[in-house]
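Note sheet for the following structure.
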Amino acid sequence: MYQGVYRLMKITKLTHQAAAATGVAQWVIVMFTLSQAAIVVLLIVFMTRGDTHRETLVPPVIHRSFWVEDDAVSKEYLIEMGVFVAQIYYDVTPANVDFNHRILKTYVDPVYYGQFETEAAAFSTRIKADNASTTFSIATVVPDEKNKRIALTGLLNTYLGDNRTSSINKTYIFEFGLKGGKILLKGTRETINENKPFEEINKKPV
């Protein structure tokens, strides 16, 4: 950096000497000096720039900002996205179920879109046919930062009118992926092992 500054000072001195000897216009000297200064600044920026790329993203429901770095996301962002997906999918009534699922489709990976469309349509049809509403009261979250997935355990409550007809303990796993700097839902599944929710997924066929 100091060598670059010294070089700029030397160039400025030489250009003034050249102007005195040749009668070059002052504005030409100024433009030449500025161009050399710009080159030095760009060189310093290039040499001090790191190779790691990190972006700060804003979750769909703004609580705080989290980071996405290369092919990884922060644990906090996984939790935020998992809670958001679970609430918008399961906290529904006959009046808002289709609207909620349309919003959620904007966060679905194209690879998973067809399956999600089928599952969401069946769930919506059942909600409207029974004139029911559901809520998912989350009790625990278990993030798997390495594999970009999260397990949520809580009570899935079903209501008919003002009466709660069922309250079942459920554990859902939401899997995410990165595409174009955006985190997208790649799959969902239910597991019965709330203490080790990823154990069945991690098992390899014998």
| query | What is the Cα radius of gyration of segment 54-202 over 2.2 N^0.38 Å, N being its residue count? | reply | 1.05
| task | Go through Lys128/Lys179; Lys128/Lys186; Lys75/Lys128; Lys128/Lys196 and tell me which ones have a Cα-Cα distance over 31 Å in this structure. | result | Lys128/Lys179; Lys75/Lys128; Lys128/Lys196
| note | For segment 123-185, the percent of all C-alpha pairs falling in each 10 Å bin, from 0 up to the bin holding the max distance, is 19, 35, 29, 15, 1
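Values quoted throughout were computed directly from the atomic coordinates according to the rules given, and no laboratory measurement underlies them. Small disclaimer: the values here were computed from a predicted structure and weren't measured.
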